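> Got a structure for you, written out below as structure tokens; questions coming shortly.
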Amino acid sequence: AREQPSLFDSFDLVHFVCPYASKRWLSELREHLPCVTSHHHVSDAWELQRHNIESDAIIVGSSQWADDVCERGVAPERVVRIPYGVDASRFVPATADSRRSARESLDIPADATVVGFFAKLSSNERDRKGTDVFVAAATRLARRLPRLVVLIIGPGWDDLVAQLRTAGVTCVWLPFVRDSARMPLMYQALDFYWVTARVEGGPVTLLEAMSTGLCCVTTPVGLARDIVVSNVNGVVVPFGDA
């Protein structure tokens, strides 16, 4: 941009998907171009994202965060809700064969009860994912179900895995699934998917798990408030209640 001052003349609109780029460029570009920002969630200090509400339009993924920006003074007509989506042609319920194959590939016994937790540590600012609740709940469940297995997908969870194993919970951990075509199989290996989070924009993993036909247990975060009817297509549980 410094080398080519006319660079932004090539664009009709700018959409800032994360708040870091908009912090640098929104104030400069909004005088020249229509600017859109995405408001996923607030878990750190609001000061880090406050500038985002100065855009011409704000995209949110759920009613929770639409309400949030309006409570912060944004006119409702500037807020556009576009829910996150999932490829329902890929994330499909398991067949007996695909479940067996998925579990064999992860060395999980066919008769285990498997609970999933899919995320990355770098998205866990202020422990918004509720890992403390997850560990406490899994530990309690393992006492009742000796064949319980927790499947964790995502990088950075060394301490979480160590906590679970120290508590006697069998844990299978894959920091990365390098071939995205295999991700649906990770869900097909599960019986349950848990969301213990305190703050979420999606979570998209909940959509993927529901699309796969799993029994999902979730706190009332993000999109869960819009799409989960408790005891109908999932179970909504209180925050912090292992």
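> Which one of these is within 25 Å of LEU207 (Cβ to Cβ) and acidic (Asp, Glu): GLU125, GLU104?
Details: GLU104 fails: within 25 Å of LEU207 (Cβ to Cβ).
Selected residue: GLU125, the only one of GLU125, GLU104 that is within 25 Å of LEU207 (Cβ to Cβ) and acidic (Asp, Glu).
> Output the residues belonging to the stretch 40-49 that are free of Cβ contacts under 8 Å to residues at least 40 places away in the same chain and touching a helix residue (DSSP H, G or I) at 6+ places or on another chain (Cβ under 9 Å).
Filtering the stretch 40-49 down to residues free of Cβ contacts under 8 Å to residues at least 40 places away in the same chain leaves 45-49.
Scanning the stretch 40-49 gives LEU48, GLN49.
> Of everything in the stretch 37-87, what is under 24 Å from GLU208 (Cβ atoms), outside any loop (DSSP other than H, G, I, E, B) and among the polar types (S, T, N, Q)? Give them in sequence order.
SER38, SER63, GLN64
> Return the pair list, or none, for Cβ contacts closer than 8 Å from residues in the stretch 12-34 that are assigned to a loop (DSSP other than H, G, I, E, B) to residues that are of a type in the set (S, T, N, Q) and crowded, with 16+ Cβ neighbours inside 10 Å, at least 6 apart or on different chains.
VAL17/SER38; CYS18/SER38; ARG30/SER55
> Okay, next question. Please go through the stretch 189-207 and pick out each residue that is buried (at least 23 other Cβ atoms within 10 Å of the Cβ) and either more than 15 Å from PHE134 (Cβ to Cβ) or of a type in the set (Phe, Trp, Tyr) (or both).
Within the stretch 189-207, ALA189, TYR193, TRP194 qualify.
> Here is a follow-up. So if I check each of ARG140, ARG178, which one is surrounded by fewer than 22 Cβ atoms within 10 Å (Cβ to Cβ) and touching a residue at least 24 places away in the same chain (Cβ under 8 Å)? Walk me through it before giving the result.
Numbers: ARG178 fails: touching a residue at least 24 places away in the same chain (Cβ under 8 Å).
Exactly one of ARG140, ARG178 is surrounded by fewer than 22 Cβ atoms within 10 Å (Cβ to Cβ) and touching a residue at least 24 places away in the same chain (Cβ under 8 Å), namely ARG140.
> I'm trying to understand the selection: among the residues of the stretch 54-73, which are within 21 Å of VAL221 (Cα to Cα) and surrounded by fewer than 19 Cβ atoms within 10 Å (Cβ to Cβ)? Quick ask: steps written out before the conclusion?
In the first step, residues of the stretch 54-73 are kept if they are within 21 Å of VAL221 (Cα to Cα); the result is 58-72.
Passing the criteria: SER63, ASP67, ASP68, CYS70, GLU71, ARG72.
> Output the residue which, of all residues in the stretch 15-45 that are open to solvent by less than 40 Å² (accessible area, probe 1.4 Å) and at pLDDT below 90, is farthest from GLU71 (Cα to Cα). Explain how you work it out, then say what you get.
Here is the first cut: in the stretch 15-45, the ones open to solvent by less than 40 Å² (accessible area, probe 1.4 Å) are 16, 19, 22, 26, 29, 33, 35-39, 41-43.
If we keep only those that are at pLDDT below 90 as well, we get 19, 43.
Details: PRO19: 19, SER43: 16 Å.
Per the stated criteria, the residue is PRO19.
> Taking the conditions exactly as written (farther than 30 Å from GLN188 by Cβ, free of Cβ contacts under 8 Å to residues at least 60 places away in the same chain and either of a type outside the set (A, V, I, L, M) or open to solvent by less than 40 Å² (accessible area, probe 1.4 Å) (or both)), does VAL80 satisfy them or not?
Working: farther than 30 Å from GLN188 by Cβ: yes; free of Cβ contacts under 8 Å to residues at least 60 places away in the same chain: yes; either of a type outside the set (A, V, I, L, M) or open to solvent by less than 40 Å² (accessible area, probe 1.4 Å) (or both): no.
No, not satisfied.
> Anything in the stretch 99-125 that is open to solvent by 70 Å² or more (accessible area, probe 1.4 Å), part of a helix (DSSP H, G or I) and under 15 Å from LEU160 (Cβ atoms)? List them, or say none.
Of everything in the stretch 99-125, those that are open to solvent by 70 Å² or more (accessible area, probe 1.4 Å), part of a helix (DSSP H, G or I) and under 15 Å from LEU160 (Cβ atoms) turn out to be LEU121, SER122.
> Just one of the numbered conditions (1) of a type outside the set (D, E, K, R); (2) more than 23 Å from ARG225 (Cα to Cα); (3) touching a Lys or Arg at 6+ places or on another chain (Cβ under 9 Å) is not true of VAL36; which one?
All conditions pass for VAL36, except number (3).
The values are calculated or read from the model by the stated rules, or taken from the named source; none is laboratory data. Quantities reported herein were computed from a predicted structural model and do not represent experimental measurements. Note that we place each Cβ from the backbone using ideal geometry, even for glycine, and neighbour counts take in every protein chain shown. Surface areas here come from the heavy atoms of the whole protein model, side chains and all, with no ligands, DNA or RNA. Shrake-Rupley method; radii C 1.70, N 1.55, O 1.52, S 1.80 Å.
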